[in-house]
There are 4 protein chains.
Amino acid sequence: MTEKTLPTPLRGIVVPMVTPLKGRDTIDAPGLERLIEHILAGGVQALFILGTTGEAPSLSYQLRRELIERACAQVDRRVPVFVGITDTSFVESVNVAHKAKEAGAMAVVLAPPYYFFAEQPELLEYLEHLVSELPLPLFLYNMPLNTKIILKPETVLAASNIEGIIGLKDSSANMIYFHQLQMLFKDKPDFTLLIGSEELLGEAVLSGGHGGVCGGANLAPRLYVLLYEAAVAKDLIAVEALHKKVMKICSTIYSVGRYKSSYLKGLKCALSCIGLCSDFLAEPFHRFRKEERDLVCRYVQELGLLKNKTGSDNQDS
Amino acid sequence: MTEKTLPTPLRGIVVPMVTPLKGRDTIDAPGLERLIEHILAGGVQALFILGTTGEAPSLSYQLRRELIERACAQVDRRVPVFVGITDTSFVESVNVAHKAKEAGAMAVVLAPPYYFFAEQPELLEYLEHLVSELPLPLFLYNMPLNTKIILKPETVLAASNIEGIIGLKDSSANMIYFHQLQMLFKDKPDFTLLIGSEELLGEAVLSGGHGGVCGGANLAPRLYVLLYEAAVAKDLIAVEALHKKVMKICSTIYSVGRYKSSYLKGLKCALSCIGLCSDFLAEPFHRFRKEERDLVCRYVQELGLLKNKTGSDNQDS
Amino acid sequence: MTEKTLPTPLRGIVVPMVTPLKGRDTIDAPGLERLIEHILAGGVQALFILGTTGEAPSLSYQLRRELIERACAQVDRRVPVFVGITDTSFVESVNVAHKAKEAGAMAVVLAPPYYFFAEQPELLEYLEHLVSELPLPLFLYNMPLNTKIILKPETVLAASNIEGIIGLKDSSANMIYFHQLQMLFKDKPDFTLLIGSEELLGEAVLSGGHGGVCGGANLAPRLYVLLYEAAVAKDLIAVEALHKKVMKICSTIYSVGRYKSSYLKGLKCALSCIGLCSDFLAEPFHRFRKEERDLVCRYVQELGLLKNKTGSDNQDS
Amino acid sequence: MTEKTLPTPLRGIVVPMVTPLKGRDTIDAPGLERLIEHILAGGVQALFILGTTGEAPSLSYQLRRELIERACAQVDRRVPVFVGITDTSFVESVNVAHKAKEAGAMAVVLAPPYYFFAEQPELLEYLEHLVSELPLPLFLYNMPLNTKIILKPETVLAASNIEGIIGLKDSSANMIYFHQLQMLFKDKPDFTLLIGSEELLGEAVLSGGHGGVCGGANLAPRLYVLLYEAAVAKDLIAVEALHKKVMKICSTIYSVGRYKSSYLKGLKCALSCIGLCSDFLAEPFHRFRKEERDLVCRYVQELGLLKNKTGSDNQDS
């Protein structure tokens, strides 16, 4: 990728990358390299680091900066890199954005500040102030489960008039919300609308959404790319078959253990089962113990997710 | 105050200090000095910086460090200083704690990480790991409205067995929860139980609670100290009269404007009305505009909160 | 319709009928007749009375019984009639079910009791006891917004083993939940899965759902039948066009006024604008005042929903 | 009690009576008689039937009418009887109120309709309409956990201007809310303010509240009367000792089992352990099985709640 600007809208699969860790404040550097190569081999459109799946809020700023450098260097402009700058502190968001720009990232991603509850007009004013300080274009990120705050459709529409805000990732798991956005943005086709729930990727793209930000694409990037492509091609039979594989990942790998953290724990554990990177989690979470790990590894095998020689998942075979 | 250790339990009024700001990343240094002197003149037991009222999550780490230094220097051990280290990142919590120790603070205060939802056993493991890295004793902080997570009474009891955890501030506004804690801790009288809702200070202390962490004590420290003392003395007539003054502050100064941010905005605005410090708020919030400000200043006057010459509020008169 | 049994699964559009009221405890009988004829002219699959859209919980039992009689008589077995029996009282649910059977209805529909919060095992035991007392087959109804209780996918699967429970209407607006059900029921193709959110009808049917229970079909039954049929035929272009019309109804007619009751008020108002029935609402709600009514009537006109001579909506033209 | 009117405000302990059941639709008549005598022997101020503790929403209307008759007859005007008329149906609320009047009850109690979510202005209009149809004075009932709706303090104040609304029972467990009401009603001392959470009875009365509606008073009426009287007398030592007994009941008898229904199940079970009435619960709940029952009976014994010969609990001894 040599061009300097992002397509508008951006289309395809964006991968919210897991952050491979060796310890509480140490990157698993070889794991990171392997993971990036595995993901890029799947044909994805962009790499999104320091999002929710990347456990960004749990990492030190030192580690976040190191990750930005390493990831951008490893990707080396083969695909655009997006960097999460969601923060409760305006100044730290701006700091991370500058670091991202410097390292060669092409956009930043931001959910609302998540300690204090800001109302929609407060949010809009905050966004106006923030974007004027950012060196890179911004994707909004609707993530009410973690932030407590919904970016209301009308707020997104108003925000889209701020120069520099180019799209939205919706992880609300609320398809009605996504359809409301699609309706509101029918006359602004350049504004990127991405779905964050992989269970909804098929219908989001079939109904005109531009793509998805899918955590499972850390594990099986090709699967999500194929599902995206089948939806673009309106090949309903392929969409259904691939959607079922995604649902199977969700109901197995992400559903081990009893806690809400099972998605993160299961995903990192599965990546470790296939030998890509460590399953160490940032506090307040901790990796699965043996019993759960054995179950995840069994699921990985049953789902045919063991890495083959080409570094890609087995979705083509 | 020359002794090196905190009383167990700690009793009295702890003031969750507002952070005076001149701009987005600049402390209002003269305002900070005036505010600290105003608060200490009220006879409070401890100063708690970088809590919710201090807008800590919204501040840069650079500013947080500067505030710790300035506040500790200004207080100069006249009362203990407590420092909030609540963070989504374990490592940053530890970093701030070390800075606090170095500057002369005597304890740290921590609510659960507030981006990811951790379940009670996950929280307990996190606390065990964290406390072993901390150079200062820790007060837990129950703040479900902002963190989404309740520290369940049994979790608090289990956590109290971790060496270094010495008390809890409860800002749940749930008096049944506080009574449950009192019952659970009846055989651990050294564990400090403080109430965070100023509307509940009277009954919390009457029923055996050790004190309160009251935002209004930025404005009228003497009022809260007198209410605390009346409750300790079981002087119900004084308790009722002082409690009514507190309720009046809550229903006026904290209730201007339509948003959930009215508490922070109203409190900082009132401090500005009486000439103590700037009303600049950290993003995502912004100070009241003229209309609301005029109303707050009028309330301040009607409530007799204008600073007198002695630097204290007028509660004694 | 002369057969005595329902198809398994039931496929198509089920209409959750509005209850036309002349006063607080009086049916608008001529309005009811016109409404039923209007709906049936649209080619729908079944009529569902006494659901949420029918304001059932707000009606007296006397009026509910009268409605059952009148509606069944008017329909006269041209389509199956389903009757809502959701109640906080087990005995009253059974009473209404017997009345429904007697009047000729073919199934009953039930959401969990909605005053006390029952946990999933309690719900399952309740369902076992209830179904054994019912004279008609039962559709479950997932409606967490109103009942506070989610029928978890595993609970639905367990309940499907109770003889007499034949399907589920999901009004959670959570498409992931619906996909989870589809996955769980892949080996039980006779269990009917209907979507309750009209904004999700297209994708629910495209992904294998059996149909929808769409409030808008009171107003424009043909529109929803055509959308259903397009989805069955996998005609994506028609699905998109019809889905957009549905979204338009939602963003206009259902979105007048500031309250959560705008759906009910808007729908009844629109039915009144086109001369079908009264817009009187049961307490605690009240019909729109002139300003909102004028707006709704304007939307009805703009959307081409004015009734034509054939008694059907204008979707075919 | 021969006078025809209620004191304003009403002061003391009101008992939200459990409904003794022999089966799903049958009153345990001898149990009901024993229970009423047990409660009245405790010196309580009023009996409140068909509230939340009375499982009213789960009972058939036929059974509710029978209960009203039997309870009023048994009480025979020794204390006022209040009847819950909370309903999703306006007409059924009015019907039950007329039955209550006819049987000799002196007031009715009403929480907001709890299926549809009504906003505050809608609620106020509903109350205006409803009260004009009621033959008895009305206590409002704030019960957000079950109804999803808070009666905001300003709404209560506005409602208090409706002729016939004479007080409020607050079961929100939110003491700040109760204090807000006390402040708002300081110039309307005739409006009765009762606390519904027994854990908060002491402080509610100490701070000027008029009394409590305490479920535990089914079991130990004298305990709650003594706590009320100690608070009125400002005897803080007695308040503390009696409050601790109440907290002990809450943490044992109401806390067996893992579900939110443990309060109801535990209370009815305890009444059965002491031989007062059956522990049969209305659907969707079911009585404790042997293991939990044995635990509750042990708690009853340890707490000294076994009925003595005088029919009262043992609080005096």
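Being closer than 22 Å to B:Val225 by Cα, within 15 Å of the chain's Cα centre (by Cα) and not hydrophobic (A, V, I, L, M, F, W, C) is a description that does not apply to B:Arg34. Among residues of the stretch C:73-93 that are in a helix (DSSP H, G or I), those with a Cβ under 6 angstrom from a residue that is surrounded by 21 or more Cβ atoms within 10 Å (Cβ to Cβ) and of a type in the set (A, V, I, L, M), sequence gap 6+ or separate chain, pair up as C:Gln74/C:Ile36; C:Val75/C:Leu47; C:Val75/C:Val81; C:Ser93/C:Ile85.
Okay, residues lined up against (1) touching a Phe, Trp or Tyr at 6+ places or on another chain (Cβ under 7 Å); (2) not small (Gly, Ala, Ser):
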| residue | (1), (2) |
| --- | --- |
| A:Leu6 | no, yes |
| A:Leu10 | no, yes |
| A:Val14 | yes, yes |
| A:Lys22 | yes, yes |
| A:Asp25 | no, yes |
| A:Leu35 | no, yes |
| A:Gly51 | no, no |
| A:Leu63 | no, yes |
| A:Thr86 | yes, yes |
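Evaluate the following for C:Pro113: is it part of a loop (DSSP other than H, G, I, E, B) and at pLDDT 95 or above? Spelling it out, C:Pro113 is indeed part of a loop (DSSP other than H, G, I, E, B) and at pLDDT 95 or above. Candidates in the stretch C:251-265 are the residues that are among the small types (Gly, Ala, Ser) and not in a helix (DSSP H, G or I); of these, the one that is farthest from A:Lys186 (Cα to Cα) is C:Ser261. The set of residues in the stretch D:28-65 being part of a loop (DSSP other than H, G, I, E, B) and within 14 Å of chain C (Cβ to nearest Cβ) consists of D:Leu50, D:Gly51, D:Thr52, D:Thr53, D:Gly54, D:Glu55, D:Leu59, D:Ser60. So, D:Ser93, is that one in contact with a strand residue (DSSP E or B) (Cβ under 7 Å, 6 or more places away or on another chain), among the polar types (S, T, N, Q) and more than 20 Å from D:Leu267 (Cβ to Cβ) or not? Yes, satisfied.
For the stretch B:86-115: of the residues being of a type in the set (A, V, I, L, M, F, W, C) and at the interface with chain A (Cβ under 7 Å from one of its Cβ atoms), which is nearest to A:Phe116 (Cα to Cα)? Here the answer is B:Phe90.
If the condition is being among the β-branched types (Val, Ile, Thr) and surrounded by 24 or more Cβ atoms within 10 Å (Cβ to Cβ), then the stretch D:104-155 contributes D:Val108, D:Val109, D:Thr147. Whenever a residue of the stretch D:280-304 is more than 14 Å from every other protein chain (Cβ to nearest Cβ), its partners that are of a type in the set (S, T, N, Q), lying with C-beta atoms within less than 6 angstrom and at least six residues away or across chains, give the pairs D:Tyr299/D:Thr252; D:Gly304/D:Asn314.
When residues in the stretch C:3-34 are screened for being of a type in the set (Val, Ile, Thr), crowded, with 16+ Cβ neighbours inside 10 Å and in contact with a Leu (Cβ under 8 Å, 6 or more places away or on another chain), 5 of them pass. Identification of helices (runs of 4 or more DSSP H) wholly contained in the stretch C:130-239 with 2 or more residues that are away from every other protein chain (no Cβ under 12 Å) and at pLDDT 95 or above yields C:153-159, C:221-232. Of all residues assigned to the stretch A:6-21, at least one qualifies as being among the hydroxyl-bearing types (Ser, Thr, Tyr), over 25 Å from A:Gly164 (Cα atoms) and within 14 Å of chain B (Cβ to nearest Cβ). The listed residues are A:Pro80, A:Pro57, and the only one of them that is out of contact with any helix residue (DSSP H, G or I) (no Cβ under 6 Å at 6 or more places or on another chain), surrounded by 24 or more Cβ atoms within 10 Å (Cβ to Cβ) and either at pLDDT 95 or above or more than 20 Å from A:Ile13 (Cβ to Cβ) (or both) turns out to be A:Pro57. Has the stretch C:110-130 got any residue that is of a type outside the set (A, V, I, L, M) and more than 26 Å from D:Tyr263 (Cβ to Cβ)? Checked against the condition, which is being of a type outside the set (A, V, I, L, M) and more than 26 Å from D:Tyr263 (Cβ to Cβ), the stretch C:110-130 yields no hits at all. Total residues in the stretch D:116-129 satisfying the condition of being in contact (Cβ under 8 Å) with a residue 24 or more places away in the chain and part of a loop (DSSP other than H, G, I, E, B): the figure is 3. For first residues located in the stretch D:212-231 and touching a residue at least 24 places away in the same chain (Cβ under 8 Å), partners that are among the basic types (Lys, Arg) and lie 6+ apart or on another chain with Cβ distances below 9 Å form the pairs D:Gly212/D:Lys169; D:Val213/D:Lys169; D:Asn218/D:Lys268; D:Ala220/D:Lys245; D:Leu223/D:Lys245; D:Leu227/D:Lys245; D:Tyr228/D:Arg11.
In summary, C:Asp187 fulfils each of the numbered conditions (1) touching a Cys at 6+ places or on another chain (Cβ under 6 Å); (2) among the acidic types (Asp, Glu); (3) over 24 Å from C:Ala46 (Cα atoms) with the single exception of condition (1). Residues in the stretch A:253-275 that are of a type in the set (Phe, Trp, Tyr) and without any contact (Cβ under 8 Å) to a residue 40 or more places away in the chain were compared, and the one that is farthest from B:Ala118 (Cα to Cα) is A:Tyr254. Screening C:Ile68 against (1) in contact with a Leu (Cβ under 9 Å, 6 or more places away or on another chain); (2) facing chain D (nearest Cβ under 9 Å); (3) part of a helix (DSSP H, G or I); (4) not aromatic (Phe, Trp, Tyr) leaves a single unmet condition, (2). Please indicate, with yes or no, whether at least one residue in the stretch B:172-186 is under 30 Å from B:Ile274 (Cα atoms) and out of contact with any Gly (no Cβ under 7 Å at 6 or more places or on another chain). Yes: one or more hits. With respect to the conditions (1) on the phi > 0 side of the Ramachandran plot; (2) surrounded by 22 or more Cβ atoms within 10 Å (Cβ to Cβ), C:Gly43 lacks only one, and its number is (2).
Out of curiosity, is D:Val91 buried (at least 24 other Cβ atoms within 10 Å of the Cβ) and among the aliphatic types (A, V, I, L, M)? Here the answer is no, as D:Val91 does not meet what is asked. Of the numbered criteria (1) more than 9 Å from chain C (Cβ to nearest Cβ); (2) within 20 Å of the chain's Cα centre (by Cα); (3) within 22 Å of C:Phe178 (Cα to Cα), the one A:Lys248 fails is (1). Going by the structure shown, is C:Ala107 small (Gly, Ala, Ser) and without any contact (Cβ under 8 Å) to a residue 60 or more places away in the chain? It is false that C:Ala107 is small (Gly, Ala, Ser) and without any contact (Cβ under 8 Å) to a residue 60 or more places away in the chain. Taking C:Gly51 as the residue in question, decide whether it is closer than 20 Å to C:Lys265 by Cβ and either touching a residue at least 60 places away in the same chain (Cβ under 8 Å) or crowded, with 24+ Cβ neighbours inside 10 Å (or both). When the stated conditions are applied, C:Gly51 passes them.
The values are calculated or read from the model by the stated rules, or taken from the named source; none is laboratory data. It should be emphasised that the depicted structure is a prediction, and the values quoted were computed from it without experimental measurement. Please note: Cβ atoms are built from the backbone with ideal geometry, for glycine as well, and neighbour counts cover all protein chains shown.
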